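Participant: Quick one: structure below, then a few questions.
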Amino acid sequence: MGNPPNASSIIIFGTFIDVPSPTELRIRENHVCVVNRHGIIVKLAEAPPGLSEEELLEQVDQDNQTGDWQIIRLGDGSREVVFPGLIDCVKIPCHHVSAGFGHEADGSLAHPLGTKTDLPLMQWLNQYTFPEESRFSDPDYANKVYPRLVRRLLRNGTTTALYFASSHLEATKVLAKTCAEMGQRAFVGKNCSDGELCPEYYRETTEGSTKDTREFVEWCRAEFGKEGRVRAVVTPRFVGVSSRSLRSLRLSLTCHAETPTCTPSLLKALGSIAREYDVAIQTHAAETVDQVALVAQKFPAEKRDIPILRASGLLTPRTILAHGCHLTTSEVRELVEADVAVTSCPYSNILFSRATLPIPRFHDMGLKIGLGTDISGGWSSSIWENARLAVLQDRVDSFVRTGTHSIPEAEVEADPGWEVTFVYALYLSTVGGARSLGLHSDEGGVGLFEVGREFDAVHVGLDVEDQRFEFYEREGVRDRFERFVLGGDDRNVVGVWVGGRKVWERGGGG
C-alpha cells in the first residue's frame with residue numbers, strides 16, 4: 001500500500017483480540033507481535049510472560065533485526081488488550097463543528113455535532129446542512145474544523161475513514177492533507193451536486209464538478225500515490241431526493257420537487273472518471289421510502305437508484321453505497337454479483353430513514369457490509385457506539401416477525417435467533433469495513449492481526465480512571481472486553497497505531 005518506513009520497528013507483548021468471522025472473537029493472551037518498519041506484522045506467536053528485552057528481541061527473525069526497535073510490554077490481559085483499528089465507512093466531515101468557531105451572528109453554533117436532529121432529512125439539509133457546508137468555500141475554515149475531527153476520530157480508535165467532503169476543491173484538499181499529516185488512513189471524496197435540490201449558492205455546474213473531481217483525483221495521486229494511505233473517491237451525493245420533505249421547502253428553496261442532486265450527465269461523467277483512474281466510488285442509495293418513490297417518478301424508465309447507477313458506470317467492485325435500507329432482494333443479488341459494498345449507518349438510519357439494513361440476511365447473500373457513523377445524520381462520531389446500536393438495530397428489524405399482538409399463537413414465527421451480537425458488530429467495524437474498501441484480502445490488508453497484514457490497532461485499557469463501566473476482578477478477558485464494547489468510550493483508548501506508527505496516545509496532547 002505504499003507505506004513510508006516508520007522511525008522504528010516495534011515488538012508488543014500482551015493480549016490481542018480480533019474478529020475473523022461474524023461469530024468468532026479470537027483472543028490470544030501472552031503473545032508477542034513483531035511489526036517491521038513498514039508497518040507489516042512479521043510475527044505473532046505465543047510467548048511466556050516475563051521475558052526480558054533481550055529475550056523479546058530474540059523473537060525477531062534474523063531478516064528483520066536491522067534498525068531500531070521499540071519494545072512495548074502491556075499489563076495483565078484482563079486489564080489491557082490490543083484490537084484492530086476501527087473503520088468508518090460513512091463520514092460527513094463538514095458536519096463536525098466544535099465550540100469556539102463557526103458561530104452565527106447571534107453567537108450560536110452553526111451546526112455542532114450532537115445537535116440539529118429536530119427536522120426531517122430534506123428540511124434538515126436545507127436549514128442546517130447546506131449552509132454549513134457552504135462555509136467550506138473558505139479553506140481557512142476547513143483548517144479549523146478538520147484537524148479537530150480527525151483528532152476526535154483517532155482518539156476513538158478510528159484508523160480508517162471514508163469521507164464525503166463538501167463540494168469545494170481546496171477544502172477537500174485540506175481534509176486529505178490533514179488525514180495524511182495526522183496519520184489516518186482515509187478515502188476522501190469531493191461531494192458532487194449539480195441538481196436543483198441544492199440552493200444556488202451551493203450548486204455546482206456539471207462541467208465545474210467534473211473538472212474539480214478530475215483535478216482532485218490527479219492531485220491525490222501525485223501527493224500520496226495510487227495506493228497511498230490517503231486516496232481519492234468519486235462522490236456523487238445521491239440520485240433522488242425526498243418529495244414529501246421538498247414540499248415543505250418550496251417557500252424557502254429555489255428548486256423543483258422532482259430533481260436529483262446529480263444530473264444524469266454528471267453521473268455518467270463521474271462514472272467515466274472512476275473507470276479512467278480506477279478509483280473508489282461512494283454515494284447514497286435506497287435511503288428513505290419517499291426518496292425511493294421520487295426516483296421512480298423522476299426516472300420512469302429506470303425507476304430505482306441501482307439501474308441509474310449501473311447505467312452511469314457507477315456500480316463496480318470499488319463502489320460503496322451508504323444506507324441501502326430499502327434495497328430489494330433482486331437488487332442485493334445484483335450488487336453481490338457486481339461486488340459492490342453497502343454501509344449500515346445505525347443512528348442515521350433510525351433517525352432519518354426510519355428503517356434498518358437487514359444485515360444478517362444481506363450478508364448471508366454475500367453482500368459486503370461495513371459500519372458508518374454518518375455524522376451528523378448520526379450524532380456520535382464513535383464506531384463503538386454505532387456497533388452497539390447495530391446490535392439493537394438487528395432486534396428492531398425482527399420486531400415485526402416476533403410480535404404477538406393480534407396474531408394467533410399458531411402463526412407466530414419461531415424465535416429468529418438474533419444474529420448481530422457485539423462480536424458480529426465488531427466484525428463489521430473491522431473486517432467488514434476493510435473488505436468494503438478493498439483493504440482486506442487473503443494476502444494482506446488490515447482488519448485482523450495476522451502475519452503479512454498491516455498493523456492498524458487500538459490499545460484498549462479495561463481498568464482506567466473514571467471509565468463508564470465497573471471493573472470486577474472475577475471477570476475474564478472476554479467478559480471484560482464485552483463490557484467495554486457495550487459500555488466504554490474514548491477514555492479507554494490508550495493508544496492508536498496506523499501502519500505500525502503511533503498516531504494517537506492518551507496524555508500525548510491529542
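The values are calculated or read from the model by the stated rules, or taken from the named source; none is laboratory data. Computed from a predicted structure; not experimentally measured. Backbone-built Cβ (ideal geometry, glycine too); neighbour counts: all protein chains shown. Ligands, DNA and RNA are excluded from the accessible area calculation, which covers all protein heavy atoms including side chains. Shrake-Rupley method; radii C 1.70, N 1.55, O 1.52, S 1.80 Å.
Participant: For residue 426, only one of the following conditions fails: (1) under 17 Å from residue 382 (Cα atoms); (2) in a loop (DSSP other than H, G, I, E, B). What is its number?
Facilitator: Here residue 426 meets the rest and fails (2).
Participant: Can you tell me how many residues in the stretch 270-307 are under 17 Å from residue 355 (Cα atoms) and open to solvent by 60 Å² or more (accessible area, probe 1.4 Å)?
Facilitator: Looking only at that region, the number is 1.
Participant: Name the one entry in 378, 403 that is at pLDDT below 85, open to solvent by less than 50 Å² (accessible area, probe 1.4 Å) and more than 20 Å from residue 186 (Cα to Cα).
Facilitator: Going through 378, 403 in turn, just one is at pLDDT below 85, open to solvent by less than 50 Å² (accessible area, probe 1.4 Å) and more than 20 Å from residue 186 (Cα to Cα): 403.
Participant: Every residue in the stretch 319-347 that is crowded, with 20+ Cβ neighbours inside 10 Å, touching a residue at least 40 places away in the same chain (Cβ under 8 Å) and either among the polar types (S, T, N, Q) or in a loop (DSSP other than H, G, I, E, B) (or both), please.
Facilitator: 327, 343, 344, 345
Participant: Let me ask you something else. Scan the stretch 191-203 for residues that are closer than 18 Å to residue 163 by Cβ and of a type outside the set (Ser, Thr, Tyr) and jot them down.
Facilitator: 191, 192
Participant: Keeping to the stretch 354-391, report how many residues are charged (D, E, K, R) and within 28 Å of residue 154 (Cα to Cα).
Facilitator: 4
Participant: Out of the stretch 2-42, which residues are on the phi < 0 side of the Ramachandran plot, assigned to a loop (DSSP other than H, G, I, E, B) and surrounded by fewer than 20 Cβ atoms within 10 Å (Cβ to Cβ)?
Facilitator: 3, 4, 5, 7, 8, 23, 38
Participant: Across the stretch 198-227, which residue is farthest from residue 289 (Cα to Cα) among those that are at pLDDT 95 or above and open to solvent by less than 10 Å² (accessible area, probe 1.4 Å)?
Facilitator: Residue satisfying both the conditions and the ranking: 220.
Participant: Then there is this: Show the residue pairs that are 6+ apart or on different chains and have beta-carbon atoms under 6 Å apart, the first residue being within the stretch 19-39 and farther than 24 Å from residue 360 by Cα, the second being among the polar types (S, T, N, Q) and buried (at least 20 other Cβ atoms within 10 Å of the Cβ).
Facilitator: Listed by first residue and then by second, the contacts come to 29/15; 36/9; 37/6; 37/9.
Participant: Restricting to the stretch 454-497, give me the number of residues that are open to solvent by 10 Å² or more (accessible area, probe 1.4 Å) and either basic (Lys, Arg) or in contact with an Asp or Glu (Cβ under 6 Å, 6 or more places away or on another chain) (or both).
Facilitator: 6
Participant: Does residue 190 qualify as being of a type in the set (D, E, K, R), at pLDDT 95 or above and open to solvent by less than 20 Å² (accessible area, probe 1.4 Å)?
Facilitator: So residue 190 passes the test.
Participant: In the stretch 348-372, how many residues are free of Cβ contacts under 8 Å to residues at least 60 places away in the same chain, of a type in the set (A, V, I, L, M) and touching a strand residue (DSSP E or B) at 6+ places or on another chain (Cβ under 8 Å)?
Facilitator: 2
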